[in-house]
Amino acid sequence: MPTNVLSKKVERFPSLFEDFFKPWNEFVKPVEDWRKGITVPSVNISETPDSYTVSMAAPGLKKEDFNISLEGNMLTISCEKEEGTEQEEKEYNRREYSYSSFSRSFSLPDGINLERILAIYENGILKLDLPKKEEVKRFAASKQIAVK
């Protein structure tokens, strides 16, 4: 029985704070709505016995828009794109600019052949092939072990 009384008090407690902070929440909400428009490309990572593949959905870009860097075992994929249009008429000038950027970093596992990493951009998908070193491939090969 006391549990019911306690749960009723807990239900009322958040509304008290919501009312108290309501002006602040209304002020902050437009900032949150603005941040919802910021997106980072989705990434799929798959593994085969020979390599890892990182696939990033990034439609509307060109291969020149990407910057892929490797520092130690940290792989970073970033992009900055700026576009602008300008229209001049007798009575007015109109300029529109669009700027977008993103950066994604991945910590690579040991055993990646860093010298043979390959990046290809086709049909809006950036694919990175991260080949494994030969000794890692041999170690990862499956083997049945008999119980004696």
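The values are calculated or read from the model by the stated rules, or taken from the named source; none is laboratory data. Everything numeric in this text was worked out from a predicted model, so none of it was measured. Glycine gets a Cβ as well: all are built from the backbone with ideal geometry, and neighbour counts include every protein chain shown.
So which of 21, 66 is surrounded by 10 or more Cβ atoms within 10 Å (Cβ to Cβ) and modelled with pLDDT under 70?
Exactly one residue qualifies, and that residue is 21.
Taking the stated definitions as given, is residue 138 over 22 Å from residue 39 (Cβ atoms) and of a type outside the set (Gly, Ala, Ser)? Steps first, please.
Values: over 22 Å from residue 39 (Cβ atoms): yes; of a type outside the set (Gly, Ala, Ser): yes.
Yes: the conditions hold for residue 138.
In this structure, does residue 127 turn out to be in contact with a strand residue (DSSP E or B) (Cβ under 6 Å, 6 or more places away or on another chain), at pLDDT below 90 and of a type in the set (D, E, K, R)? Even if it seems obvious, please write down each step before you answer.
On the way: in contact with a strand residue (DSSP E or B) (Cβ under 6 Å, 6 or more places away or on another chain): yes; at pLDDT below 90: no; of a type in the set (D, E, K, R): yes.
In short, no.
Does residue 91 meet the test of being over 25 Å from residue 66 (Cβ atoms), of a type outside the set (A, V, I, L, M) and surrounded by 10 or more Cβ atoms within 10 Å (Cβ to Cβ)?
no
Can you name the residue in the range 25-49 that is in contact with a strand residue (DSSP E or B) (Cβ under 6 Å, 6 or more places away or on another chain) and part of a loop (DSSP other than H, G, I, E, B) and, of all such residues, is modelled with the lowest pLDDT?
Looking at residues that are in contact with a strand residue (DSSP E or B) (Cβ under 6 Å, 6 or more places away or on another chain) and part of a loop (DSSP other than H, G, I, E, B), I get 40.
Looking at 85, 76 in this structure, which one is in the same structural domain as residue 53 (by TED's automatic domain parsing), among the β-branched types (Val, Ile, Thr) and surrounded by fewer than 10 Cβ atoms within 10 Å (Cβ to Cβ)?
85
Somewhere in the range 101-121, is a residue touching a Phe, Trp or Tyr at 6+ places or on another chain (Cβ under 9 Å), modelled with pLDDT under 90 and exposed (fewer than 12 other Cβ atoms within 10 Å of the Cβ)?
No.
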